[in-house]
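The values are calculated or read from the model by the stated rules, or taken from the named source; none is laboratory data. Small disclaimer: the values here were computed from a predicted structure and weren't measured. Glycine also receives a Cβ, built like all others from the backbone with ideal geometry; neighbour counts cover every protein chain displayed.
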Amino acid sequence: MEVICGLVLLLGSIPVVSSNSCDVYAAVGQSVTLPSVHDQPGNSYSLQWTHNKKVVFSRQQSKVLVGKAGDISEYGALLLKNLQAAGAGVYEA
């Protein structure tokens with residue numbers, strides 16, 4: 001299963017979207033959490049998040065290959081902090 005979210009920036013707000021399709025709106029400087037498709041906690045599964053088709057987080061088993069472990073919740077949700085206009089777009093897991 002895949003999650004797709006869109007993040008939108010409108011007059012100081014940033015829209016964020018993730019797969020399983022959701023639209024998320026946030027202001028520049030805010031933080032948001034994009035939902036995950038995983039219903040079990042842990043880091044034993046492989047996980048990848050992209051932003052506009054570019055990999056922003058990748059984990060194989062418990063080894064983080066791209067991004068930081070702190071970018072992901074225990075259920076695989078993507079944590080975006082201090083959003084900037086460049087963060088607007090489509091996020092997919």
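Some observations on this one:
- Residues in region 61-75 that are modelled with pLDDT of 90 or more and at negative phi: 10 in all.
- Matching residues, region 68-93, being buried (at least 17 other Cβ atoms within 10 Å of the Cβ) and part of a loop (DSSP other than H, G, I, E, B): 76, 77, 83, 88, 93
- Residue ID - surrounded by the fewest Cβ atoms within 10 Å (Cβ to Cβ), chosen from residues in region 52-67 that are in contact with a Leu (Cβ under 9 Å, 6 or more places away or on another chain) and hydrophobic (A, V, I, L, M, F, W, C): 55
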